[in-house]
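Chemist: My structure is below; once you've seen it, I'll send some questions.
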Amino acid sequence: MANITYIESNGQSTTLQLNEGWSLMQGATANGIDGIIGECGGSCACATCHCYVDEARLGELPAPSEGELAMLENVAAERRPNSRLACQIKATAALEGLVVHLPETQE
Amino acid sequence: MNADASVLIVGAGQAGVQVAEALRTLGFTGSIQLLGDEPHTPYHRPPLSKAWLAGTLDAAQLVMRAPQALERKNITLRTGAKVAAIDAARKTVHLADGSTLPYTGLVLTTGATPRALAVPGAQAQGVTALRSRDDASVVAQHLDRCVEQGRGVVVIGGGFIGLEVAATARKKGLAVTVLEAAPRLLGRVLAPVLSDWYARLHRSHGVQLVFQAQVARIEADAAGLVCGVRLVDGSLFEAALVVVGVGVTANDQLAAAAGLVCERGIMVDVCGRTSDPFIVAAGDCTARRLADGTLLRLESVQNATEQAKSAAAALMGQERPFTATPWFWSDQYDTKLQIAGLSTGADEWVVRGDMAADVSASSFSVFHFRQGVLLAVDSVNAGKDHLQARKLLDAHVSPARDRVADLACDFGINTHANHDEAARAY
């Protein structure tokens, strides 16, 4: 279990408790956080769950797969060094307290 | 529409949820009732044949929106609510429980139903389609039984659903046979060159593929459990699970009975409007007539969400045509296929990447052209190509063939300041 904080582009902050194995995208969409769309349901196929991970903790995440990197090249908002797809980040106890910022647009 | 307005949405799938939320985004303050005939809260369908069936997702992870998330947006979800009839003249909907609901705006997002196999024995236990969560549970139970008993699986129909199930069953170590009536896989959606590649992929994973297979009947044991599929030529394929994936038909019966124009689906315009001014429709239940006269039916998540946004806007009196390039995807084994555009009518194709390589290491895209105009791009493990292709197709820009074929060459639109410049550069 991990508490993850999502901060939307308008400043709205929501903290969700995610079960082990849930992706950050699943937590956000199931709970109606509009800044994440996740159109493909988490298949790493649409690049609409773009998020910016707290830079200080970026290194704690498993590195993005080739498929994720390909999708990140074409996200709608600005791609930054800390850009990730929320569907590819799985909650683990180690991620407790992680903060992700959501971009202004996903499509 | 104002605060007194009430919108009824029939169908709580991808399109239905999207219409409800889009209405709120557009500032609609009236009541929204989302009626679903299944007992479940709205869920994601795509993982049903993939991660969920493979056992890597739990049921809670399938949930599209938790009930509280809908409540916060003042969207009333009613599950297990079956609609019996629509009275378009009185603007009411009759439910199967005998109650009647009035509406000022009605949304039909009724989805589609898998085509049944019209052969003797098709009612045997262990013969199922895969569309709903309940279908997926049936498939999962029988897959477990196949594993326990060391028995095989037959998939009837070499389309996306069938092939995704085949891949999942192979991952579990089960013997899998795919029976396809046509001479190739995915014939309705893919060009032959890709059908051949997918046949190679599945054979490399040990799937037995049988083409031009005409099913005569399903064989069951004394307990009524399926035990095999008999073809017209007499051959028998043993199986303890038969998954039927031979297409779907649009759920347009309610609409047709209410007098709406239907043709293999509820006819809508590019904004999701039906022939009734107070009724819109979106998703798998719809069909649309293109300018050239062809009937377009798209069955995809993108179509459901985009049509839904258009339909919500139409209810608010706004024009929001859905004209974006259609896209689809399919996951089989470790292979991700992403399709942008519709390749029907192509007269030339160009491959970018190495299609002849070992299927397990492939990454390539097939660009389909008609008279030099780009129609569609099918990408296998090449997500970057896919997203760039969608941008090109949306902008109606066709890259040169030699540019596409050269992996060292960037064919995308990103490097250009604007579309006009991109068009000139090509």
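The values are calculated or read from the model by the stated rules, or taken from the named source; none is laboratory data. Remember, it's a predicted structure, so these values are computed and weren't measured experimentally. All Cβ positions, glycine included, derive from the backbone under ideal geometry; neighbour counts span all protein chains shown.
Chemist: Say we look at the range A:48-71 and pick out the residues that are at the interface with another protein chain (Cβ under 9 Å from one of its Cβ atoms) and in contact with a strand residue (DSSP E or B) (Cβ under 7 Å, 6 or more places away or on another chain); which of these is farthest from B:L70 (Cα to Cα)?
Modeler: So the residue we want is A:G67.
Chemist: Please identify the pairs in which a residue from the range B:45-67 that is free of Cβ contacts under 8 Å to residues at least 40 places away in the same chain and among the charged types (D, E, K, R) has its Cβ atom under 9 Å from the Cβ atom of a residue that is part of a helix (DSSP H, G or I) and buried (at least 18 other Cβ atoms within 10 Å of the Cβ), counting only partners at least 6 apart or on another chain.
Modeler: B:D58/B:W52
Each row is one residue, and each column tells you yes or no for (1) modelled with pLDDT of 95 or more; (2) β-branched (V, I, T); (3) under 22 Å from A:S13 (Cα atoms).
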position: A:I37; (1), (2), (3): no, yes, yes
position: A:S43; (1), (2), (3): no, no, no
position: A:C49; (1), (2), (3): yes, no, yes
position: A:D54; (1), (2), (3): yes, no, yes
position: A:G59; (1), (2), (3): no, no, no
position: A:G67; (1), (2), (3): no, no, no
position: A:A70; (1), (2), (3): no, no, no
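Chemist: Which numbered condition trips up B:R170, out of (1) touching a strand residue (DSSP E or B) at 6+ places or on another chain (Cβ under 6 Å); (2) modelled with pLDDT under 95?
Modeler: Going through (1) touching a strand residue (DSSP E or B) at 6+ places or on another chain (Cβ under 6 Å); (2) modelled with pLDDT under 95 one by one, B:R170 breaks only (2).
Chemist: Pull out all pairs, ordered by first then second residue, where Cβ-Cβ is under 7 Å, the residues are six or more apart or on different chains, the first lies in the range A:79-107 and is of a type in the set (S, T, Y), and the second is part of a loop (DSSP other than H, G, I, E, B) and surrounded by fewer than 21 Cβ atoms within 10 Å (Cβ to Cβ).
Modeler: Listed pairs, sorted by first residue: A:T92/A:E20; A:T105/A:A76; A:T105/A:A77.
Chemist: Where residues in the range B:326-353 are charged (D, E, K, R) and within 15 Å of B:D378 (Cβ to Cβ), which of them is surrounded by the fewest Cβ atoms within 10 Å (Cβ to Cβ)?
Modeler: Taking the range B:326-353 first, the residues charged (D, E, K, R) are B:331, B:334, B:336, B:347-348, B:352.
Now narrow it down to the ones that are within 15 Å of B:D378 (Cβ to Cβ): B:331, B:336, B:348, B:352.
Details: B:D331: 23, B:K336: 21, B:E348: 12, B:R352: 23.
Filtering first and then ranking leaves B:E348.
Chemist: Would you mind stating whether B:T294 is under 24 Å from B:I161 (Cα atoms) and either more than 14 Å from chain A (Cβ to nearest Cβ) or not hydrophobic (A, V, I, L, M, F, W, C) (or both)?
Modeler: When the stated conditions are applied, B:T294 does not pass them.
Chemist: Do we have any residue at all in the range B:167-179 that's farther than 26 Å from B:L62 by Cα, in the same structural domain as B:L35 (by TED's automatic domain parsing) and crowded, with 20+ Cβ neighbours inside 10 Å?
Modeler: No, the range B:167-179 contains no residue that is farther than 26 Å from B:L62 by Cα, in the same structural domain as B:L35 (by TED's automatic domain parsing) and crowded, with 20+ Cβ neighbours inside 10 Å.
Chemist: Please determine whether any residue of the range B:363-370 is under 24 Å from B:V176 (Cα atoms) and at pLDDT below 95.
Modeler: No, that holds for no residue.
Chemist: A further question follows. Cβ contacts < 9 Å: first residue without any contact (Cβ under 8 Å) to a residue 24 or more places away in the chain, restricted to the range B:96-113; second residue surrounded by 24 or more Cβ atoms within 10 Å (Cβ to Cβ), any location; separation 6+ or different chain. Result?
Modeler: Close Cβ pairs (under 9 Å, with a partner that is surrounded by 24 or more Cβ atoms within 10 Å (Cβ to Cβ)) amount to B:T100/B:V93.
Chemist: Over 17 Å from B:F411 (Cα atoms), more than 22 Å from the chain's Cα centre (by Cα), surrounded by fewer than 19 Cβ atoms within 10 Å (Cβ to Cβ) and within 13 Å of chain A (Cβ to nearest Cβ): which single residue out of B:A361, B:A356 fits that description?
Modeler: B:A361
Chemist: Still on this structure, I have one more. So in the range A:1-41, with the set limited to residues that are closer than 15 Å to B:P47 by Cβ, in contact with a strand residue (DSSP E or B) (Cβ under 8 Å, 6 or more places away or on another chain) and more than 7 Å from chain B (Cβ to nearest Cβ), which one is surrounded by the fewest Cβ atoms within 10 Å (Cβ to Cβ)?
Modeler: The residue in question is A:G21.
Chemist: Would you mind stating whether B:G36 is exposed (fewer than 13 other Cβ atoms within 10 Å of the Cβ) and within 28 Å of B:L315 (Cα to Cα)?
Modeler: When the stated conditions are applied, B:G36 does not pass them.
Chemist: Somewhere in the range B:71-83, is a residue of a type in the set (G, A, S), under 24 Å from the mean Cα position of the chain (by Cα), crowded, with 18+ Cβ neighbours inside 10 Å and farther than 30 Å from B:L143 by Cα?
Modeler: Checked the range B:71-83: at least one residue is of a type in the set (G, A, S), under 24 Å from the mean Cα position of the chain (by Cα), crowded, with 18+ Cβ neighbours inside 10 Å and farther than 30 Å from B:L143 by Cα.
Chemist: Give the residues of the range B:60-76 that are within 12 Å of another protein chain (Cβ to nearest Cβ) and either assigned to a strand (DSSP E or B) or of a type in the set (D, E) (or both), sorted by residue number.
Modeler: B:V63, B:E71, B:I75
Chemist: Among the residues of the range B:5-59, which ones are more than 14 Å from every other protein chain (Cβ to nearest Cβ) and either hydroxyl-bearing (S, T, Y) or part of a helix (DSSP H, G or I) (or both)?
Modeler: Passing the criteria: B:S6, B:G16, B:V19, B:T29, B:S31.
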